[in-house]
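Data first, discussion second: the structure below is written as structure tokens.
The values are calculated or read from the model by the stated rules, or taken from the named source; none is laboratory data. Not measured: the values here are computed from a predicted model. Quick reminder, even Gly has a Cβ in these numbers, built from the backbone with ideal geometry, and neighbours come from all protein chains shown. Areas reflect the complete protein model, heavy atoms only, side chains present, ligands, DNA and RNA absent. Shrake-Rupley method; radii C 1.70, N 1.55, O 1.52, S 1.80 Å.
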2 protein chains.
Amino acid sequence: MNVEEIIKTTKKMPLETRTLIHITLIHNKIYEHVGNALKPFEVSLQQFNVLRILRGQKGKPANLSTLNERMVTKMSNTTRLVDKLLAKGYVDRCVCPSNRRKVEILITESGSQALTQMDKVVAETENEIVQHFSKQELEQLNLLLDKF
Amino acid sequence: MNVEEIIKTTKKMPLETRTLIHITLIHNKIYEHVGNALKPFEVSLQQFNVLRILRGQKGKPANLSTLNERMVTKMSNTTRLVDKLLAKGYVDRCVCPSNRRKVEILITESGSQALTQMDKVVAETENEIVQHFSKQELEQLNLLLDKF
DNA sequence: CCTTCATTTCTGTTTTAACAAAAATTTATC
DNA sequence: GATAAATTTTTGTTAAAACAGAAATGAAGG
């Protein structure tokens, strides 16, 4: 990925700026590719993310604040995101009996099965995106990214 | 930035997945910080980006397709983005006399002045974001990012 | 208990983005 | 030159995100 070529500029920009633009371009690429891979399932990246968190709960229900805390991209209205998963039958939701302010969200069997399918295509897409990296380079990259 | 800590997971994930989540988290950070820096000017990151492109034209007008081509994040409706810059008096727009399908967009004096101010705070923010990197590390990072 | 405050979720509103199709103009072809 | 095709921008509609405030419940202190 050549930054200058993509944004069609010949001007030399500060290394700091170039780095941040670079990250944004890569993010756009990830978002687009993974989003497309999920399109057949009619779920957004965010919804996929929530399903993964719920599976990670291993049967233990999660409430909204837990979801929000663990989401890659925090958003203000997780309620409506869960509404959509509910409409697809991928999750169950009920008020928490011990604290009726809270809500308990669980992935359904149907949600789990769909998620297994999604995992496959997402993993393939992820591998495609990083296909030009060796394992060692990926490790080196992660070390550098930790510095942000 | 510790990925596992931020998304509150203890599970070991594939290096590929971790890398892409990492990129997304960093992108969120950039977006948030630079967005906040621009807030006093009441322009979005995208609008700031367009102003920079227009300045790069050095007086030569740009049309919508040129803008779209050079934007970091492509979007379908650049028309409405330019509408907003127009409302703020930061750009001028008129139909291209030689090809009346096209439109010519120019940054105004007021836009240039505002942009100079924005540049300052954005550059500061960018430096903050990469403050833990040495110049050499930034170069190394850019080389790795080129592999995407 | 009653009042106040804190927590958690939900709702309303406004912005922004995504997608598709329409309108205006130019270019090409017969 | 008329008609069809291509290009560029605009508009309409729907979906998603951001922001702020309301509602419901629980906890604490008098």
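Mind jotting down the three principal axis lengths of the stretch A:14-69 based on Cα atoms? Whole angstrom, largest first.
Rounded to whole Å, the extents work out to 49, 27, 15 Å.
GNM, chain A, Cα, under 10 Å: largest mean-square fluctuation among A:Ser110, A:Ser65, A:Ser76?
A:Ser76
Kirkwood hydrodynamic radius of the stretch B:1-46 from all distinct Cα pairs, in Å?
Values: mean 1/r = 0.0827 Å⁻¹.
Across the stretch B:1-46, the inverse of the average 1/r is 12.1 Å.
Taking every pair of Cα atoms in the stretch A:14-126, average 1/r, invert it to obtain the Kirkwood radius, and report Rg/Rh to two decimals.
1.05
Taking each label point as 7 Å beyond Cα in the direction of the beta carbon, state the distances from A:Glu4 to the same residue in the other copies, shortest first, in nm.
Distances to the matching label points in the other copies: 4.0 nm.
What nm distance separates the two modelled labels at A:Asp83 and B:Arg93, each placed 7 Å from Cα along Cα→Cβ?
3.2 nm
Around B:His33, with a cut-off of 9 angstrom between Cβ atoms, what is the net charge of the other residues, counting Lys and Arg +1 and Asp and Glu -1?
With Lys, Arg at +1 and Asp, Glu at -1, the neighbours total -2.
Measure off, as a whole percent, the carbon and sulfur share of the 1.4 Å-probe accessible area of the protein assembly as shown, all protein chains present.
Working: 8240 of 16040 Å².
Here it works out to 51 percent.
Can you give the relative contact order of chain A as a percent, counting alpha carbon pairs under 8 Å and 6+ residues apart?
About 22 percent, as a whole number.
Roughly speaking, what is the centre-to-centre gap between the stretch B:14-86 and the stretch A:92-137 when only Cα atoms are used, to the nearest Å?
About 29 Å separates the Cα centre of the stretch B:14-86 from the one of the stretch A:92-137.
Calculate the dipole size of chain A relative to its Cα centre from +1 charges on Lys and Arg beta carbons and -1 charges on Asp and Glu beta carbons; express the result in debye to the nearest 20.
620 debye
For chain B, set up a Gaussian network in which alpha carbons nearer than 10 Å are linked by springs, and say which option among B:Gln117, B:Gln136, B:Gln57 fluctuates the most.
Its mean-square fluctuation being the largest, the pick is B:Gln136.
What nm value, rounded to one decimal, do you get for the distance between B:Lys12 and B:Arg100 when each label is placed 7 Å out toward the C-beta?
So the label points at B:Lys12 and B:Arg100 sit 6.9 nm apart.
Just the number please: accessible area per residue for chain B, 1.4 Å probe, all protein chains included, in Å².
Values: 8010 Å² over 148 residues.
In whole numbers, chain B has 54 Å² accessible per residue.
Could you give log10 I(q)/I(0) at q = 0.14 Å⁻¹ for the protein assembly as shown, computed by the Debye formula over C-alpha point scatterers of equal weight, without solvent?
So the normalised log intensities work out to -1.12.
Return the calculated 222 nm mean residue ellipticity for chain B, to the nearest 500 deg cm²/dmol, obtained by summing -39500 (n - 2.57) across DSSP H runs with n ≥ 4 and dividing by the residue count.
Computed ellipticity for chain B at 222 nm equals -19000 deg cm²/dmol.
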